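Student: The structure is given below, and queries will be raised subsequently.
The values are calculated or read from the model by the stated rules, or taken from the named source; none is laboratory data. Model, not experiment: these values are computed from the prediction. Every residue, glycine among them, receives a Cβ derived from its backbone with ideal geometry; neighbour counts consider all protein chains shown.
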Amino acid sequence: MKYNQIGNSDLKVSEITFGAWAAGGWMWGGNESKDAIEGIRAGYDLGVTSIDTAPIYGMGVSEEIVGEAIKDIPRDKVQILTKFGMRWDAKLDTPGFRSKDNDGNDVEIHRYAGKESIIKECEDSLRRLKTDYIDLYQIHWPDKTTPVNESMEAVAKLIEQGKVRYAGVCNYSAELMKEAEQTLGIVSNQVPYSMVKRGIEEDVVPYCIENNKSILAYSPLERGLLTGKMKPGHRFSAGDHRKSIYFYNDENLKRTGAFLDKLRPMAKEKRATLAQLVLRWTLEQPGITIALVGARNAAQATQNAKTGDISLITDEVAFITQELDKLKLVKE
Ligand SMILES: NC(=O)c1ccc[n+]([C@@H]2O[C@H](COP(=O)([O-])OP(=O)(O)OC[C@H]3O[C@@H](n4cnc5c(N)ncnc54)[C@H](OP(=O)(O)O)[C@@H]3O)[C@@H](O)[C@H]2O)c1
């Protein structure tokens with residue numbers, strides 16, 4: 001496993017970082033906590049020392065699972081990445097959207113990152129994670145109702161207090177990153193990036209390369225699509241958000257499947273799975289610092305962690321990109 005430096009900080013994280021969204025169950029049709037804990041531990045045993053979570057993932061459940069999974073590991077051997085700014089547990093006047101918690105209850109979620117709210121969220125996260133500091137604390141989504149400098153001042157205060165080591169952002173444009181930097185040095189941006197979602201190549205990637213910011217690529221397997229396991233007719237369980245997204249309609253599953261078939265000989269030759277090849281390709285792209293990969297259990301986490309054993313030479317990356325350029329998905 002390779003460990004990559006985050007921005008200009010002295011924080012190093014594993015190039016495969018465990019993403020604990022599905023572990024929390026919310027929007028993924030529920031979770032099996034025991035499986036998720038085993039997944040985090042299996043990854044750790046293979047060098048996946050970094051874990052990304054958030055309070056909203058299962059409304060606290062994911063952070064609790066992470067806390068439980070790492071409780072016997074010396075704190076300085078793991079890196080905890082969590083977030084703030086998605087409140088389901090407060091009555092707020094700001095615009096929200098409706099969702100359901102893991103028990104099927106209605107909840108209203110607000111993208112809110114006011115100063116006092118962040119300070120409270122941090123305390124709650126530390127308690128659930130059973131730790132006294134967070135390695136990387138990231139705003140989860142831009143909050144249109146709070147000035148960026150107010151949110152960043154709150155994180156600066158938490159850094160001063162030693163509760164947070166470094167500040168990061170998620171889902172920020174290059175413009176917003178610049179604005180945040182007027183208040184506080186941020187080290188990373190966590191953004192969606194996969195073979196079939198490459199929008200950040202236009203502005204976030206050039207900005208991050210030029211300014212030495214790390215990119216934490218999320219959903220690099222496009223939530224399972226790029227593992228090759230989904231065939232036309234694939235059925236998701238109730239409450240799984242993927243069932244209404246265009247990536248998983250039959251036509252796109254067919255087209256993606258045909259593209260992945262072209263990679264099978266290379267995967268076979270390297271004794272790699274398609275998922276490992278996809279993850280390695282992702283990590284080879286300019287500006288990408290780490291791949292944040294979700295896993296529901298030890299088998300998936302083990303497979304993903306072993307991406308560390310796979311390498312691709314320049315011509316192989318180019319071949320994959322060339323085939324990928326021919327893949328066109330229908331967006332409806
Ligand atoms: N900041 C943000 O706004 C944001 C947004 C999204 C994600 N993230 C972060 O990024 C992480 C990763 O993204 P993601 O979970 O959305 O997508 P992902 O990593 O592309 O896909 C994860 C899902 O794919 C399936 N999978 C994973 N490994 C597999 C394997 N080896 N074989 C077969 N299936 C496998 C599992 O789902 P099934 O078994 O159910 O198919 C798993 O839950 C999240 O956990 C979260 O930490 C952040």
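Student: Yes or no: Gly104 surrounded by fewer than 20 Cβ atoms within 10 Å (Cβ to Cβ) and on the phi > 0 side of the Ramachandran plot?
Tutor: yes
Student: Further, regarding this structure: May I ask you to say which residue of Lys91, Lys77, Lys83, Lys71 is free of Cβ contacts under 8 Å to residues at least 12 places away in the same chain and out of contact with any Gly (no Cβ under 7 Å at 6 or more places or on another chain)?
Tutor: Lys91
Student: Additional query: Being without any contact (Cβ under 8 Å) to a residue 24 or more places away in the chain, within 22 Å of the chain's Cα centre (by Cα) and part of a helix (DSSP H, G or I) is the requirement here; does Ile200 meet it?
Tutor: yes
Student: Which members of the range 234-244 meet the condition of being more than 9 Å from the ligand (Cβ to nearest atom) and hydrophobic (A, V, I, L, M, F, W, C)?
Tutor: Answer for the range 234-244, where residues must be more than 9 Å from the ligand (Cβ to nearest atom) and hydrophobic (A, V, I, L, M, F, W, C): just Ala238.
Student: Restricting the first residue to the range 121-147 and requiring it to be closer than 30 Å to Glu175 by Cβ, which pairs with a second residue that is surrounded by fewer than 19 Cβ atoms within 10 Å (Cβ to Cβ) and among the β-branched types (Val, Ile, Thr) meet a Cβ separation below 6 Å and a spacing of at least six or different chains?
Tutor: Thr145/Thr94
Student: For Leu221, are the conditions met, namely being in a loop (DSSP other than H, G, I, E, B) and within 14 Å of the ligand (Cβ to nearest atom)?
Tutor: Taking the combined requirement at face value, the residue satisfies it.
Student: Among (1) more than 21 Å from Trp88 (Cβ to Cβ); (2) surrounded by 22 or more Cβ atoms within 10 Å (Cβ to Cβ), which single condition is Asp72 missing?
Tutor: (2)
Student: Ok, one more. Quick one: which residue in Lys213, Lys231 is modelled with pLDDT of 95 or more, more than 10 Å from the ligand (Cβ to nearest atom) and crowded, with 18+ Cβ neighbours inside 10 Å?
Tutor: Just a single option satisfies the conditions, and that option is Lys213.
Student: What helices (runs of 4 or more DSSP H), lying completely within the range 1-83, carry at least 1 residues that are more than 11 Å from the ligand (Cβ to nearest atom) and in contact with a Leu (Cβ under 7 Å, 6 or more places away or on another chain)?
Tutor: 61-69
Student: Could you tell me which of the residues Ser194, Ser244, Ser214 is in contact (Cβ under 8 Å) with a residue 12 or more places away in the chain and either more than 28 Å from Gly257 (Cβ to Cβ) or out of contact with any helix residue (DSSP H, G or I) (no Cβ under 9 Å at 6 or more places or on another chain) (or both)?
Tutor: So the residue among Ser194, Ser244, Ser214 that is in contact (Cβ under 8 Å) with a residue 12 or more places away in the chain and either more than 28 Å from Gly257 (Cβ to Cβ) or out of contact with any helix residue (DSSP H, G or I) (no Cβ under 9 Å at 6 or more places or on another chain) (or both) is Ser214.
Student: Are there any pairs, at least 6 apart or on different chains, whose C-beta atoms fall under 7 Å, with the first in the range 1-15 and at pLDDT 95 or above and among the polar types (S, T, N, Q) and the second assigned to a strand (DSSP E or B) and surrounded by fewer than 21 Cβ atoms within 10 Å (Cβ to Cβ), and if so, which?
Tutor: Asn4/Lys12; Gln5/Lys12; Ser14/Tyr3
Student: To continue, here is another question. Which residue is nearest to the chain's Cα centre (by Cα), if the candidates are limited to the range 51-66 and must be under 12 Å from Gly30 (Cα atoms) and buried (at least 24 other Cβ atoms within 10 Å of the Cβ)?
Tutor: Looking at the filtered set, the residue picked out is Tyr57.
Every residue, every condition in (1) more than 17 Å from the chain's Cα centre (by Cα); (2) within 16 Å of the ligand (Cβ to nearest atom); (3) modelled with pLDDT under 95; (4) not aromatic (Phe, Trp, Tyr), yes or no:
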site	(1), (2), (3), (4)
Asn171	no, yes, no, yes
Ala174	yes, no, no, yes
Ser194	no, yes, no, yes
Tyr207	yes, no, no, no
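Student: For Asp52, work out the one condition from (1) more than 23 Å from Arg296 (Cα to Cα); (2) in contact with a Lys or Arg (Cβ under 9 Å, 6 or more places away or on another chain); (3) of a type in the set (Asp, Glu); (4) in contact (Cβ under 8 Å) with a residue 60 or more places away in the chain it doesn't fulfil.
Tutor: Here Asp52 clears every test but (1).
Student: Right, something else. Within the set of pairs 6+ apart or on separate chains, which have a first residue in the range 272-290 that is closer than 12 Å to Ala217 by Cβ and of a type in the set (Asp, Glu), a second that is assigned to a helix (DSSP H, G or I) and more than 13 Å from the ligand (Cβ to nearest atom), and C-beta atoms under 8 Å apart?
Tutor: Pairs found: Glu284/Val317.
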